[in-house]
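Below is one structure, written out as structure tokens; the observations come after it.
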Amino acid sequence: RTTTPSMTAAIAAENKEPRKYSSSVSGHMPDSGGEAALVKENGNLASNASLASAAASAGSSETAKEAAPAVIEPGHYGRTMITTGTVTAEEFNSVYRDVYGKPPPDVERMEKRMADLEREVGRLPEERKASVLRALRNNPLLFVSSAHTNLFLEAEEFDAKEGALRMTRYWEQREQMFGERAFSSEVFKNPTRDDYLKYYKRCSSLIDEKGADETMRTVARHYVSNVRKAKIAAMDVAIEDIPRHERTALLDAERLSPDLVSDEHKLLFLHCEDFYEVAAAARMVRYWEMKRELFGPTIFHQRICTSDLENLFGVGDGAGTELDSGLWRVMSRADEHGRIVVVVSYSRLAHEFKNEKALDAVTWYVIESALEKYSCQKNGVVYIINYKGVDRELPGHQPNFRKRCLKFMFDTVPVRAKAIHICFGTDCTWWQKIIVPGFSVLGKMIKMKAVVHYGTDEQLMAELKDHGMSEDCVPIDLGGSVTFDSWQDIMAGRRDAGI
């Protein structure tokens, strides 16, 4: 196969102003005054003047067209396929973490050191760490954004245990010298929004971490609770700012099925939009409008089951056919980073199938079934688009299919898409004719998360492994071990369970 050891295509970015939202929910809503940040431990919104300019475009807002490169080559061990340009360090680190399931090596190394330091501080006797805990209560992001914390590690040659002792001595001496002034807000670095988000994710992990210090766990639990309460309240305000005639489906769902439109439901959208409550509110409105459009006013406010698909569209020539075909499949095992793997196999898309609405309903149902898994809610989803065994003409029989899929994946359903792996077998000699025009209509963030693979089954599987996917979460026709029978077993189980 033809690959290049190093791709010349670089991650692209537009030199753009802070994100502006349209007044219609078909885009995003105007930014609210409270769109400032996550919250500090005391529950107050953390104001940060740089937040608006730091807001990176999320996949759900990616509709801007960019010129496609004249030639696109297959990804080599998972190089992202993108247009030329530059990105900020935050964007690069975020996309790298999404695509590979872990941060870049230097960031991962520092995060591990900080986590080790925090763990060692937590293990100290209560009387030794009293001053550090006071500092932590005044600045919960002490292990995320404090320059002093890095210095303690460096001074002890990154020995976490010695660094923890040095850190406690520092705060003890500072308290002895300055009293309450030792912990005033002026002594701490003003955190960025990215710092707040990192700390929230760190706290979420710490709550469930085995062997974590109970005091640290309590601080983490308190912070996570405050963030969620503040952001849900801000999201409610953002929803109210949307004209009622644009959110009639959401209003009907709240009235008919209040248990489904819960705070936990709202958190799915907040997580998906990195806690930008305005974007989360707009996405939630689009979600319910689209669900009503797909399933009608009678059942859209309920949980959609396989029987609903078959009743609406028929079994023999409608949604039941596409559901059983395995066009969309959720792998039963997550990858090594806890991400759910969803596979789209174009070879299972029948030429003669014309019921686009049934096809949309199946797409929606399968993505939603992935969202039922806690691992998906926490770690997101990886999509594998499989073009193996497909002739050049097939995509033309469903010209709107890919466009609608992107809308579901990035614009409505509250699933965080971490990466898209586009796989071509050696039979797909025409693959650039699909990719080049396809990339020309994709927004920056989607392109940055897309990885193109071309080769034999062994080569495809080897590259997918580089992204954290083992054979037991990859279909057999891509070099994995998951058979089609396993999907049929899953569907049979869902039908028996009435879901």
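Could we say that Phe178 is out of contact with any helix residue (DSSP H, G or I) (no Cβ under 8 Å at 6 or more places or on another chain) and either modelled with pLDDT under 90 or over 21 Å from Thr218 (Cα atoms) (or both) here? Taking the combined requirement at face value, the residue satisfies it.
Out of the range 336-345, which residues are charged (D, E, K, R) and open to solvent by 10 Å² or more (accessible area, probe 1.4 Å)?
The first filter runs over the range 336-345 and keeps only residues charged (D, E, K, R), leaving 336, 339.
The answer is Glu336, and nothing else.
Applying the criterion of being among the acidic types (Asp, Glu) and open to solvent by 70 Å² or more (accessible area, probe 1.4 Å) to the residues of the range 96-110, the residue that is nearest to the chain's Cα centre (by Cα) is Glu108. One residue stands out in the range 118-146 among those that are of a type in the set (Asp, Glu) and touching a residue at least 12 places away in the same chain (Cβ under 8 Å): the one that is surrounded by the most Cβ atoms within 10 Å (Cβ to Cβ), namely Glu118.
Per-residue answers, yes or no, for (1) more than 27 Å from Asp116 (Cβ to Cβ); (2) touching a Phe, Trp or Tyr at 6+ places or on another chain (Cβ under 7 Å); (3) touching a residue at least 24 places away in the same chain (Cβ under 8 Å):
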| residue | (1), (2), (3) |
| --- | --- |
| Trp171 | no, no, yes |
| Val187 | no, no, no |
| Asp194 | no, no, yes |
| Thr215 | no, no, yes |
| Val219 | no, no, yes |
| Lys229 | yes, no, yes |
| Asp259 | yes, no, no |
| Leu267 | yes, no, yes |
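Within the range 467-486, work out how many residues are within 16 Å of Val381 (Cβ to Cβ) and either part of a helix (DSSP H, G or I) or open to solvent by 50 Å² or more (accessible area, probe 1.4 Å) (or both). Looking only at that region, the number is 1. Of the residues making up the range 231-247, those that are in contact (Cβ under 8 Å) with a residue 40 or more places away in the chain, farther than 23 Å from Gln377 by Cα and part of a helix (DSSP H, G or I) number 2. The residue of the range 452-463 that is least open to solvent (accessible area, probe 1.4 Å), among those that are outside any strand (DSSP E or B), in contact (Cβ under 8 Å) with a residue 24 or more places away in the chain and touching a helix residue (DSSP H, G or I) at 6+ places or on another chain (Cβ under 7 Å), is Leu460. Among the residues of the range 248-294, those that are of a type in the set (Ser, Thr, Tyr) and either in contact with a helix residue (DSSP H, G or I) (Cβ under 9 Å, 6 or more places away or on another chain) or assigned to a helix (DSSP H, G or I) (or both) comprise Thr248, Tyr276, Tyr287.
Number of residues in the range 229-261 that are crowded, with 21+ Cβ neighbours inside 10 Å and under 17 Å from Leu197 (Cα atoms) equals 4. Does the range 187-206 contain at least one residue that is part of a helix (DSSP H, G or I), more than 21 Å from Pro103 (Cα to Cα) and at pLDDT below 90? Yes: one or more hits. When Ala220, Ala115 are screened for being surrounded by fewer than 18 Cβ atoms within 10 Å (Cβ to Cβ), under 28 Å from His271 (Cα atoms) and within 26 Å of the chain's Cα centre (by Cα), only Ala115 passes. If only residues of the range 403-445 that are aromatic (Phe, Trp, Tyr) and not in a helix (DSSP H, G or I) are counted, the one that is modelled with the lowest pLDDT is Trp430. Here the range 311-335 is the region considered, the condition is being assigned to a loop (DSSP other than H, G, I, E, B) and modelled with pLDDT of 80 or more, and the residue that is surrounded by the fewest Cβ atoms within 10 Å (Cβ to Cβ) is Ser332.
For Glu289, the conditions (1) open to solvent by 40 Å² or more (accessible area, probe 1.4 Å); (2) without any contact (Cβ under 8 Å) to a residue 24 or more places away in the chain are fulfilled apart from (2).
So which residues in the range 262-283 are of a type in the set (Asp, Glu), open to solvent by 10 Å² or more (accessible area, probe 1.4 Å) and over 14 Å from the mean Cα position of the chain (by Cα), if there are any at all? Quick ask: steps written out before the conclusion?
Applying the first criterion (of a type in the set (Asp, Glu)) to the range 262-283 yields 263-264, 273-274, 277.
Restricting the remaining residues to those that are open to solvent by 10 Å² or more (accessible area, probe 1.4 Å) gives 263-264, 274.
Correct list: Asp263, Glu264.
Checked against the criterion of being among the small types (Gly, Ala, Ser) and over 28 Å from Glu90 (Cα atoms), the candidates Ala130, Ala135 yield just one match: Ala130.
Phe158 - would you say it is open to solvent by 50 Å² or more (accessible area, probe 1.4 Å), at pLDDT 90 or above and among the hydrophobic types (A, V, I, L, M, F, W, C)? Give the derivation first.
Values: open to solvent by 50 Å² or more (accessible area, probe 1.4 Å): yes; at pLDDT 90 or above: yes; among the hydrophobic types (A, V, I, L, M, F, W, C): yes.
In short, yes.
The values are calculated or read from the model by the stated rules, or taken from the named source; none is laboratory data. Note that this is a predicted model, so its numbers are computed, not measured. We place every Cβ from the backbone using ideal geometry, glycine too, and count neighbours over all the protein chains shown. The accessibility values were calculated without ligands, DNA or RNA, using every heavy atom of the protein model including side chains. Shrake-Rupley method; radii C 1.70, N 1.55, O 1.52, S 1.80 Å.
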